[in-house]
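Shown next, in structure tokens, is the structure this report addresses.
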Amino acid sequence: MTFTLILLTGIALVLSLGAGAEGDDDVITSIDVNFHHLGDHWVPTYQPQSPEGLEYEKDFQVSADVENPAIKMWVRGLVPPPNVSIDYVKLWINGQLLGYINEYAMGSGSIYDVDDEVEIEVSIEEGILVTGTNTLKIVTGWGSSPTDRDDIMFWNIRLVRARPLEISCNLLSPSPGDVHYPGLDTERVSIIVWNDRHVDALQWVRVTVDPDGANTAFRWTQKTNRFVLESGATTHAMFPIAWSSSSKDILNRTWAISVDMSFRWTFPTDGPIDIRVDVRDDQTKMHAFVFEEVLEVPTELELTGPVMLTAADQGPLGPGSWVRGGEALFVTVPPTVYKGSTDVHPPEGAVSISLLWEELEVKRSVQNSGGTWSADWLVPMLARKTVTLTIEQVDLPMGAGAQPPVRVALEVDGRGPSWLSMAPPDGEWLLQHTVEAWADVTDGDGIGVDPFTLEFQVYDPLIEVWGPWTSARLILGGGAGSADRGLTVLVLPEGDGHSIRWRAFDLVGNGPTTSSHVTFGIDVQDVSLEPISVNEWNRGTVAFLSCIVTDPQGDTEGSGVDISTVEVSILVSGTDTWTEWSAPDSVVEVDGLAVVQATVQVTLGEGGDNYVRWRARDLAGNLIIVSPPETLLVDTMPPRMVNHWPRSSTFDMLDEARAVATFTDGNGSGVDMDTLEYAISGGSDSAFSEWTPAIVSGDPDDLVRAEVVLGDLLGHDNWIKWRVSDLAGNGPVEFGAYRLMFNLGPSAVIASPSDRTSFETADVVWFSAAGSSDPDPDDQLSYQWWSDMDGFLGSGPEIRVPLHPGEHRIRLVVEDGQGGDHVDEAFVDLLVVEPATVKEPVSP
């Protein structure tokens, strides 16, 4: 019977060939012949560990590589025994054990006569032979009973090329692509081994699972039908109590071998693994079968999907997401599965999930098999920080590989936006109703201002109430530096006390932070100027001028008068140049800055060609307002009398005594007609009466006529005086006294001749005014006689004159001699004829 051991590596060694046995192409070199071993001791059967027999050692040379090298020998008994057996044979080359051959490996192992022999062939694994000198060593043990002392001879020990028998092997399970899940599955490794002779041709079978990694191996021996776990088999695998079975077919050609095992989480190989089957036949030849990538044993775990991280306000989060300080976070971890699986979950309790905030664990609990894991966590109140949230699988079975931790960097922003500069500036007065208001806002190194939350609020000073919050427009990066700018346009009424303030959230909901408010006024109206003491006459050239400056006009409050801008300019009569604008002597607040009164002392020229103008502006900066030129009138001269009637020391012949005076103020302010008065005295020794208003008419700016009806004043020693002022206040100035001699008109009486008396031309007619009189005893009357034919006849109370012939109308004119207009006349008609005879004059 021949037993062949196959080289495990399958890689041929090329040896230098020596002289082989003649006619044997497989012989490389002969090592020895006729090695005789005397069976001089007894070794109990089946105990190869007992004291060994004789050792044989021999050197041999190898000069070249040998393909599939093997040691081949023949064993033969020398003395015909009733039963000669070989207990065991051990072979070494270069100190390395090639094989251990006992009677089981040799079949019956018995040599019945000297012609019986056993052929033994042992394969040499790669790396054992060396070029040059090699050493072969044989150790034998003999006999199956105390009488087994027969000599045994070894001969034809040769180095040959091995030729294995035909043996095949097939892997029934697992099937390629199968997956074994540690802690969950039990794997059955089943093989069948077939040879072309007989099932007993097998010596043993070794099955190695993952030979390059876990190296979990077991051996089955055909002779005893025993399964044995090799060293290290339980390092990465577990075997149940009834873990193996074997059977052969009815044709005695095939063995079926099955082993149940479970792999531990410490299984070292990632990815598909091989199963190797080594078969030794009864010729001690090895046959190797490698079934590649037939099984995967995943020891790493993974999640079925992404970890869901959600914030209460922000919603789903990802790396670099922003959250608000104090905001609630919710973590959802999907079910855990074996890596590469979609729905195979590790056993219950095999996995826990840990949640770490920075390096501090804040949550840890078991994840139910096939279930999601969830937790919530409140973000600490941090002003601003970048933190790492870690979710990892923990408390795994020893050797299990966890999915790499899920680390999410979060940006924590626990503070709201900050407000910078604002417009309009606080305390500013604006010159129009339309106001462009803005505020610069920044979130610093935070997430940024939420443009949809920007609002402003306006305070209404009229009703003293803040209005509603109203959305405004945010210009990103539109402010100073890198700040954002909130902008709105307002239309506001005039007045003081308008205020605006702003508020906003950041993009994670911090806030709202509210700005301080700025207060400002709207003043669109210019100041009003109201000069005082203009267009009035001043009695002196030194005048005090005033102007009332008001801001605002109407019921609203303005910014107030800017006192520093109140100025005055004068044009003096007699000049043609305005003075430079200059500050007045004083500016007094009448109603705060809303109403002020400016006063200045100036020197003016006589007449009405003095002018003044004022200018000022308000604190809001509206236009400088210049008042129109106002006339300043200067009148230092009182009125004067133009005419007085009657003239002093003349008679007034009217029936009523009257006095008439005419006054003028020239180019001055005009006669103050209300001040024109008179006083009278009845004689030089009499006191004047109280001043009495006269009857006035005329134009104050031209001539004013004053008339006084004095009554029936007689006598030549009456006096009158006048007084009057002008509109500038010059006066009163007195005129007079004027002497007034008043009398009644005379009475003319012709005593002789009588009316219708006839005279001759020779007559000297006596004209007599006897009976004529004057009420004023002091008046000296004058008499004049007139004829309408002869003309002036003579003067005196009596005259004698001849008349020419004809009809005469005689007129007597009597005057009082005071130069007045009072006269009286008397008339008589006379007839003068030529005489017939000359007669003597008739005596009176």
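The length gained on full extension between ASP32 and SER773, counted as 0.36 nm times the residue separation minus their Cα-Cα distance, comes to 244.6 nm. Between GLU67 and ALA383, the contour length at 0.36 nm per residue exceeds the Cα-Cα span by 106.0 nm.
What's the Kirkwood radius of segment 757-833 in Å, using all Cα pairs?
In segment 757-833 this quantity evaluates to 13.1 Å.
Arranged from fewest to most other beta-carbon atoms within 10 Å of their beta carbon, ARG280, ARG264 become ARG264, ARG280.
Each residue of segment 469-474 is assigned a 3J(HN,Hα), and the resulting list reads 5, 10, 5, 10, 8, 10 Hz, derived from the Karplus form 6.51 cos²θ - 1.76 cosθ + 1.60 (θ = phi - 60°), x at Gly and Pro. Between GLU126 and ALA328, take the C-beta separation as r, use R0 = 60 Å, and let me know the FRET efficiency to the nearest 0.05. It comes out at approximately 0.35. Database remark: amide H of ALA288 closer than 5 angstrom to the amide H of VAL279 (H placed geometrically; neighbours at sequence offset of 5 or more, or on other chains; Pro and chain starts carry no H). Extending 7 Å from Cα along the Cβ direction at LEU476 and again at GLU292 yields two label points whose distance is 5.7 nm.
Distance between the 7 Å Cα→Cβ label points at LYS58 and ARG226: 3.4 nm. Ordering 398-407, 460-469, 346-355 by mean Cβ neighbour count within 10 Å, with the highest value first, yields 346-355, 398-407, 460-469.
Bear in mind that the values in this text are calculations on the coordinates, not laboratory data. Not measured: the values here are computed from a predicted model. So basically every Cβ, Gly included, is an ideal-geometry build from the backbone, and we count neighbours across all protein chains shown.
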